[in-house]
Structures are given as C-alpha cells and as structure tokens.
Amino acid sequence: MARVSQAHLDARRRQILDGAALCFARGGFHATSVQDVLKEIGLSAGAVYRYFDGKDELIEAVVGEVLEVLRQVCADAAVAIPPPLPDVLVSRALTRLREIRPGVLDGGAWAYPRLILQVWAEIVRDAEPAARVHAGHDAVRASWERVVASYRAAGLIPRSADADAMARVMIALAQGLVAQEAVLGGMPEETLVNGLRALMSMRDPRS
C-alpha cells in the first residue's frame, strides 16, 4: 500500500476544519451534525474519523484555531516599529483576518465573524472552552501591550499611559467590529479609519 504523505494528511485535515468552520458559522455548534460536515466537504465518515474522534473534538479543534488565528493577527500587527496608529492598526488587523480566513457563506457573507460569535456563545455554555478563551485572550492582550510599548518608545503616548488599559480597549473595539460584521454587515475600510481618526483627534476644550 502506498504511503500517504504528511502533506496530503495536513491538506485533508485542513479541508475538514475549513468545512466544519463553515458549517458551524452557518448553523451553530449544536445544530450542526457530523453529517452536515461530511456533506459540506464531500468525504466519508471514515475519512473524518481518522482525524477526529467525533463532533466534540472537531469543535475543540475549530475553537482552538479561532483563538490562534486571532493571536497571530495581533502578533503580526505588533511587528512594525513603531506600529501604525490605532485608526490604521485595527483596520489592518481585520483585513489580515479576512486574508487568513476568507471563507464565505452561501449568501456571500464573510463566515469568520459568525464563527467567532459562535465561539463566544459556546464559552458561556461550557467551562472548558471558556478556560481556553481566557488563555487565548491573555495572549492577544500581550501582543497589543507590545504595540502600546512601541507607541511609548516612539514618543507617541506619555510614558505614564496604561498599556493594559489601552490593550483591553483596542481588543474590545476589534471584537465589537467583528460582532457588527456578523450581525449587521461590515463597513468600508475608509469609514472605519476615518471614524477612528476623528475620535482620536477629539480634545476637551474644558481642560
């Protein structure tokens, strides 16, 4: 029997995960069956069970990938020294997220924001993925804190600026934009950049 290459095995696992992610984004974790995933990817049950013991393990793998992709997008944003200001940085992070996970649903909607909402809903229900999400959030926050440290080193913000607070707010902003994309649809990149830039330019005349 011919030996199956590791590249083939990796590509097949990628196919299963991508198909499962689309199914979960479309119908949610608990309304989606393994049969739905099989239909999406056109493989036999045996091919899927070679990689995953069942739906719970498939969900765990998809949740893990969502967290890792978000962490990597934030880590990539922290590479430039100094990094772009938040109006460009947040927009660039969302654009990069779409490049990494471009899958769309039947109506053309970007699937990944809906998948992220499903992950958030799952952590409310189940303590085990909640622990993974908290750990993933800590890793994402550390990446954004490095961005803030670069701002400080470049003299863009006061040395007394609270890096943790700024990181948390930027994460919350990105999460809110993802939720809006999933529920209401996205906004043009120019609108996002211009809106953030206008907010950043505000000055209190009373101070």
(Q) Is it the case, given these coordinates, that ILE41 is surrounded by 15 or more Cβ atoms within 10 Å (Cβ to Cβ), free of Cβ contacts under 8 Å to residues at least 12 places away in the same chain and in contact with a helix residue (DSSP H, G or I) (Cβ under 9 Å, 6 or more places away or on another chain)? (A) no
**Q.** Conditions (1) assigned to a helix (DSSP H, G or I); (2) closer than 18 Å to MET170 by Cα: number failed by VAL79
**A.** (1)
Q: Give me the pairs, please: first residue somewhere in region 112-125 and among the small types (Gly, Ala, Ser), second residue anywhere and surrounded by fewer than 18 Cβ atoms within 10 Å (Cβ to Cβ), beta-carbon distance under 8 Å, and either six or more positions apart or on two chains.
A: ALA121/GLY28
Q.
I'd like the full set of residues that are modelled with pLDDT of 80 or more and either open to solvent by less than 80 Å² (accessible area, probe 1.4 Å) or in contact with a Lys or Arg (Cβ under 9 Å, 6 or more places away or on another chain) (or both), limited to region 123-137.
A. ILE123, ALA135, HIS137
Q: Output the residues belonging to region 159-182 that are β-branched (Val, Ile, Thr) and either farther than 22 Å from ILE116 by Cα or open to solvent by 50 Å² or more (accessible area, probe 1.4 Å) (or both).
A: VAL169
Q | Residue list for region 189-200, restricted to those being open to solvent by less than 80 Å² (accessible area, probe 1.4 Å) and either out of contact with any Ser or Thr (no Cβ under 7 Å at 6 or more places or on another chain) or of a type in the set (Lys, Arg) (or both) | A | THR191, ASN194, GLY195, LEU196, ALA198, MET200
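The values are calculated or read from the model by the stated rules, or taken from the named source; none is laboratory data. The shown structure was predicted, so the numbers you read here are calculated from the model rather than taken from an experiment. Cβ coordinates were reconstructed from backbone atoms using ideal geometry, including for glycine residues, and neighbour counts include every protein chain displayed. Side chains included, ligands, DNA and RNA excluded: accessible areas come from the protein's heavy atoms. Shrake-Rupley method; radii C 1.70, N 1.55, O 1.52, S 1.80 Å.
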